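Enquirer: Encoded as structure tokens, here's the structure I'll be asking about.
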Amino acid sequence: MMLNTLFHDKKLIHLQEIDSTNEYAKSLIKVLTYVSEGTTIVAKNQLHGRGQMGSSWESNPCQNLTFSVIISPKILVVEQFQISKIVALALISFLNQLGIKNTSIKWPNDIYIKEKKIAGILIENILKNNKIEHTIIGIGLNVNQVDFTTKNATSLQLITSQAYDLNILLANFIEILERNYFLLKSNQHAVINEAYLKNLLGFQKERKFSTSTEQFKAIIIGVSSMGKLQLQKDEQLMEMDIKEITFL
Ligand code: BTN
């Protein structure tokens, strides 16, 4: 298998307006007997964009990229976080190629530039037996929007003072994603893990966290294959799920 040939007959579906590109991707998988890997759904205006943990994703019409890519990784459910890693790393490479510095991955997979979030990822898996049959990789990337209602958001234009062509950016990103997906398909887990930790905000550093009952400081020592954050608090090692902990 050659590099760059995983997404065979790439299909790009442009939508004017939709509730959520992830939902659209899910319904596509339901009605079609075959969906080619790399099929991408991109919306100019997403009316009910969904974020992680039941949150919503706000994006002004026509200013940003809101899209979903379908892959069929057929990897074990216990390896699912590898998908998050390759997607987050693709966004980091993509930003670095645009000359943007100070990028990092905030666990589990938010993309930050310094203290501000530029992109979010919502991964949804469709399982068959103990394998991942299809994955919907939903990405919201802030591009040309300059006013945000949330304080900690940023965009490409806010950082570089220049406007971008959304279609060109999307094509560039998909190419990088495809390359990273190849790393996963060829079982290069050590390469993926090393790159993820290298870009992980606060890795091997002491950070503040909160649970429903307490606030505490702990050192980030890694991330499990299921995506749990591995922490060292005093002498104690612990693994926390995204539902159990907030990274302050
Ligand atoms: C997050 O940071 O909470 C994840 C945000 C993911 C947003 C994208 S936009 C395209 C795709 N469709 C959705 O409804 N959500 C994702």
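Enquirer: Averaged per residue, what accessible area in Å² does the chain show with a 1.4 Å probe, protein chains only?
Expert: 51 Å²
Enquirer: Next question. Could you tell me the calculated FRET efficiency between residue 151 and residue 101, based on Cβ-Cβ distance and R0 = 22 angstrom, to the nearest 0.05? Intermediate values should be presented prior to the final figure.
Expert: Details: r = 22 Å, r/R0 = 0.98.
So the FRET efficiency works out to roughly 0.55.
Enquirer: So which trypsin sites (Lys or Arg not before Pro) in segment 106-152 pass both tests, a DSSP loop state and at most 12 other Cβ atoms within 10 Å of the Cβ?
Expert: 114, 151
Enquirer: Could you go through segment 211-227 in sequence order and give the Karplus-derived ³J(HN,Hα) for each residue, using 6.51 cos²θ - 1.76 cosθ + 1.60 with θ = phi - 60°, rounded to whole Hz, and x for Gly and Pro?
Expert: Per residue, the Karplus-derived 3J(HN,Hα) values read 10, 5, 10, 8, 10, 8, 10, 7, 9, 7, 10, x, 9, 6, 5, 8, x Hz.
Enquirer: Which aspartates and glutamates, on any chain, are close to residue 233 with Cα under 15 Å apart, when same-chain ones fewer than 8 places away are left out?
Expert: Residue 233 reaches 206, 214.
Enquirer: Hey, another quick one. Quick check: pseudo-label points 7 Å beyond the Cα along Cα→Cβ at residue 45 and residue 206, how many nm apart are they?
Expert: 5.1 nm
Enquirer: Another one. Straight-line reach only, C-alpha to C-alpha below 17 angstrom: list the lysines that residue 151 could link to, leaving out same-chain residues fewer than 8 apart.
Expert: 106, 114, 116, 117
Enquirer: I need the fraction of alpha carbon pairs in segment 206-247 separated by more than 13 Å, rounded to a whole percent.
Expert: That fraction is 48 percent.
Enquirer: Now, a different point. Calculate, axis by axis, the spread of Cα positions in the chain along the three principal axes, and write the results as whole Å, longest axis first.
Expert: Here the Cα extents, ordered largest to smallest, are 52, 45, 32 Å.
Enquirer: Roughly to the nearest percent, how much of the accessible area of the chain is carbon and sulfur, given a 1.4 Å probe?
Expert: 50 percent
Enquirer: Name the residues whose placed amide hydrogens come within less than 5 Å of the amide hydrogen of residue 117, ignoring near sequence neighbours (fewer than 5 apart) on the same chain.
Expert: 153, 154
Enquirer: Could I ask something else about it? Principal axes first, then extents: for the Cα atoms of segment 1-87, list largest minus smallest coordinate on each axis, whole Å, largest first.
Expert: For segment 1-87, the Cα extents along the three principal axes come out at 40, 28, 26 Å.
Enquirer: Taking a virtual spin label 7 Å from the Cα of residue 241 along the C-beta vector, which residues in segment 96-127 bring their backbone nitrogen under 16 Å of it?
Expert: It comes to 108, 125, nothing else.
Enquirer: Residue 225 label point, 7 Å along Cα→Cβ, cut-off 20 Å on backbone N: hits in segment 132-147?
Expert: Label zone hits: 132-135.
The values are calculated or read from the model by the stated rules, or taken from the named source; none is laboratory data. Here the structure is a predicted model, which is why all the values come from computation and not from measurement. Virtual Cβ from ideal backbone geometry, glycine too; neighbours counted across all protein chains shown. Protein only, heavy atoms only, side chains kept; ligands, DNA and RNA dropped before computing areas. Shrake-Rupley method; radii C 1.70, N 1.55, O 1.52, S 1.80 Å.
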